[in-house]
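S.K.: One structure coming up, written as structure tokens, with questions to follow.
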Amino acid sequence: MPRVQYVWSTALQAAADQLPANIGRSSIVHDLVFALDLVENAVQPDQHLGSRDRQPRGRVICPDLIYASFASLEKYHDKAYVEYLLATSDQSTTSDDEAGSKRKRRRTELHGLEHDCPTFDALPQYACLVAASTMTACQLLAEGESDITINWDGGRHHAMRNRASGFCYVADAVLGIMLLSKKGEAKGRKGRPRILYLDLDLHYGDGVAQAFLSPRRYAINGGQPRPPQVLTLSIHHRSPVFFPPSPYSDLPAENTTHPFTLSIPLSAYPSRMTYAAIWPSVERIRHSFNPDYVVLQLGVDGLARDPIGQFGSWSVDGEGGVLWCVEQVKAWDKPLCVLGGGGYNHADSARAWARSTAVLLGREISSNTPVPEHDHWPEYGPSFTLEVSEGRSLRCG
Ligand SMILES: [Zn+2]
């Protein structure tokens, strides 16, 4: 049985609940995981002691606060951005005069902290704790303390080095991958470890791809080509009007200058059959790259009823569904960090991620399982089960 660790703390949940695009989602997700008795929770009182059986459970690990710091964020992010990000709760009082207001507006625009990424009171804590949670998850893998780590509050794949973007303020996946590439081990060969980043969110994972662009694969001025340690692969919907615009979100050309920045763009309404149809390509890429570690971004805004994704028709069950994809990645039998991401129908996101947690534990929880009574039980009507409606369009995108 794999050793599964589940990153969570009350402080992380409270801060993540304030994310403007997903108010309250963190509580809904974690409370369902706890209600289904999927993790050993040393912090909250256990209400299932009487029914304890030998079912495997994940072990709750709090984010290591050593990573919740300016210095940690600065390992990837631009210093001026981190300064602005961590001072945002004071921004409204920084200056009343016109010149000060203009300066503030310029910085806000420069760092993307407007429109879909507004500042909010808990932003400094949120940024630090989300970064720390994914870095903790990756540290456990690098130390060999865990086989699978789960962080549903992570996976903020649009955040850039010097600005927020697409509801993402901190590039936690980038920071985690950087930690793995530095502290992890290459298995059975010399050199640094290789890390595969696989992104299944409906949106292109531009922030992570951008961070690990590797044109240095090619010799410049007669220098030796140096294969990069990180390969990013994003499977996503792409159309001229769909976020985010990126030159790398298209199918790479055969002579691409960035062969480790891969992308499989899908037409609108990709269904589970689409994912099943393209999976052999994922397997070939994985096999060729032969990673030592895998980081999976499991955004679920491609599910059929997602109000922001809108162009998805993915399912949780069935071949090509969320759980099937998780099974395939788990079967690679590599140290695996699983992150959240998009998911704006909060009850469906919780259903998908709770059942993914079960799959990673080697447990099976069927879709017709009633949602146990807990604080968020009313969110699961009218079915009050774990079933997520099958995507309507069962065609290949
Ligand atoms: Zn998304």
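S.K.: Which helices (runs of 4 or more DSSP H) sit wholly inside segment 1-109 and have at least 1 residues that are closer than 29 Å to residue 331 by Cβ and either of a type in the set (Asp, Glu) or at pLDDT 85 or above (or both)? Outline the logic, then answer.
M.R.: On the way: elements: 10-16, 25-35, 70-73, 79-86.
Correct list: 25-35.
S.K.: When the residues of segment 294-314 are narrowed to those that are away from the ligand (no atom under 14 Å from the Cβ) and more than 17 Å from the chain's Cα centre (by Cα), which ends up surrounded by the most Cβ atoms within 10 Å (Cβ to Cβ)?
M.R.: 313
S.K.: Here is a list: 122, 132, 186, 171. Which entry is away from the ligand (no atom under 16 Å from the Cβ) and touching a Phe, Trp or Tyr at 6+ places or on another chain (Cβ under 8 Å)?
M.R.: Residue meeting the stated conditions: 132.
S.K.: Quick check on my filter: what residues within segment 327-353 are buried (at least 24 other Cβ atoms within 10 Å of the Cβ) and aliphatic (A, V, I, L, M)?
M.R.: Residues satisfying the conditions are 336, 338, 339, 350, 352.
S.K.: Would segment 321-336 turn up any residue that is farther than 24 Å from residue 1 by Cβ and of a type in the set (Gly, Ala, Ser)?
M.R.: no
S.K.: Among the residues that make up segment 190-198, is at least one of them part of a loop (DSSP other than H, G, I, E, B), hydrophobic (A, V, I, L, M, F, W, C) and in contact (Cβ under 8 Å) with a residue 40 or more places away in the chain?
M.R.: Looking for residues that are part of a loop (DSSP other than H, G, I, E, B), hydrophobic (A, V, I, L, M, F, W, C) and in contact (Cβ under 8 Å) with a residue 40 or more places away in the chain, one finds none in segment 190-198, hence no.
S.K.: Let me ask something additional. Looking only at segment 21-41, how many residues end up being among the acidic types (Asp, Glu) and either surrounded by 23 or more Cβ atoms within 10 Å (Cβ to Cβ) or closer than 18 Å to residue 385 by Cβ (or both)? Walk me through how you get there before you give the answer.
M.R.: Restricting attention to segment 21-41, the residues satisfying the condition of being among the acidic types (Asp, Glu) are 31, 37, 40.
Still in the running and either surrounded by 23 or more Cβ atoms within 10 Å (Cβ to Cβ) or closer than 18 Å to residue 385 by Cβ (or both): 31, 37.
Summing the residues that are among the acidic types (Asp, Glu) and either surrounded by 23 or more Cβ atoms within 10 Å (Cβ to Cβ) or closer than 18 Å to residue 385 by Cβ (or both) in segment 21-41 gives 2.
S.K.: Further, regarding this structure: Can you name every residue in segment 312-345 that is of a type in the set (Phe, Trp, Tyr) and either within 25 Å of residue 231 (Cα to Cα) or touching a Leu at 6+ places or on another chain (Cβ under 7 Å) (or both)?
M.R.: 314, 324, 332
S.K.: Write out, first by first residue and then by second, each pair whose Cβ atoms fall under 7 Å of each other, whose residues are 6+ apart or on separate chains, and whose first residue, in segment 286-311, is part of a helix (DSSP H, G or I) while the second is more than 16 Å from the ligand (Cβ to nearest atom).
M.R.: From residues that are part of a helix (DSSP H, G or I), the pairs are 286/196; 286/332; 289/194; 289/196; 289/231.
S.K.: Can you pull out every residue in segment 142-173 that is farther than 18 Å from residue 205 by Cβ and either assigned to a strand (DSSP E or B) or among the hydrophobic types (A, V, I, L, M, F, W, C) (or both)?
M.R.: 142, 148, 149, 150
Rundown of residues vs (1) closer than 19 Å to residue 333 by Cα; (2) more than 12 Å from the chain's Cα centre (by Cα); (3) of a type in the set (Ser, Thr, Tyr), yes/no style:
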{"position": "173", "(1), (2), (3)": "no, no, no"}
{"position": "180", "(1), (2), (3)": "yes, yes, no"}
{"position": "183", "(1), (2), (3)": "no, yes, no"}
{"position": "186", "(1), (2), (3)": "yes, yes, no"}
{"position": "194", "(1), (2), (3)": "yes, yes, no"}
{"position": "198", "(1), (2), (3)": "yes, no, no"}
{"position": "205", "(1), (2), (3)": "no, no, no"}
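S.K.: Next question, about the same structure. Let me spell it out: the conditions are (1) under 22 Å from residue 154 (Cβ atoms); (2) at pLDDT below 85; (3) of a type in the set (Val, Ile, Thr), and residue 130 meets all of them except one. Which number is the exception?
M.R.: Residue 130 satisfies every listed condition except (2).
S.K.: State the number of residues belonging to segment 324-382 that are part of a strand (DSSP E or B) and within 18 Å of residue 298 (Cα to Cα).
M.R.: Total meeting the criteria: 4.
S.K.: For residues that are within 16 Å of the ligand (Cβ to nearest atom) and more than 15 Å from the chain's Cα centre (by Cα), tally how many sit in segment 135-166.
M.R.: Residues of segment 135-166 that are within 16 Å of the ligand (Cβ to nearest atom), as a first pass: 152-160, 164-166.
From the residues that got through so far, the ones that are more than 15 Å from the chain's Cα centre (by Cα) too are 164.
The qualifying residues number 1.
S.K.: What's the number of the condition residue 341 fails, among (1) under 22 Å from residue 35 (Cβ atoms); (2) within 16 Å of the ligand (Cβ to nearest atom)?
M.R.: Evaluating residue 341 over (1) under 22 Å from residue 35 (Cβ atoms); (2) within 16 Å of the ligand (Cβ to nearest atom) leaves (1) as the failure.
S.K.: As an exercise: evaluate residue 341 against (1) in contact with an Asp or Glu (Cβ under 8 Å, 6 or more places away or on another chain); (2) at negative phi and give the number of the one condition it does not meet.
M.R.: All conditions are met except number (2).
S.K.: Residue 185 - would you say it is at pLDDT 95 or above and part of a loop (DSSP other than H, G, I, E, B)?
M.R.: yes
S.K.: Within the group 235, 220, which residue is modelled with pLDDT under 95 and of a type in the set (Val, Ile, Thr)?
M.R.: Going through 235, 220 in turn, just one is modelled with pLDDT under 95 and of a type in the set (Val, Ile, Thr): 220.
S.K.: Let me ask something additional. Which condition does residue 118 not pass, out of (1) outside any loop (DSSP other than H, G, I, E, B); (2) modelled with pLDDT under 95, if it passes all the others?
M.R.: (1)
The values are calculated or read from the model by the stated rules, or taken from the named source; none is laboratory data. Please read all numbers here as calculations on a predicted model, not as lab measurements. All Cβ positions, even for glycine, are placed from backbone atoms using ideal geometry, and neighbour counts span all protein chains on display.
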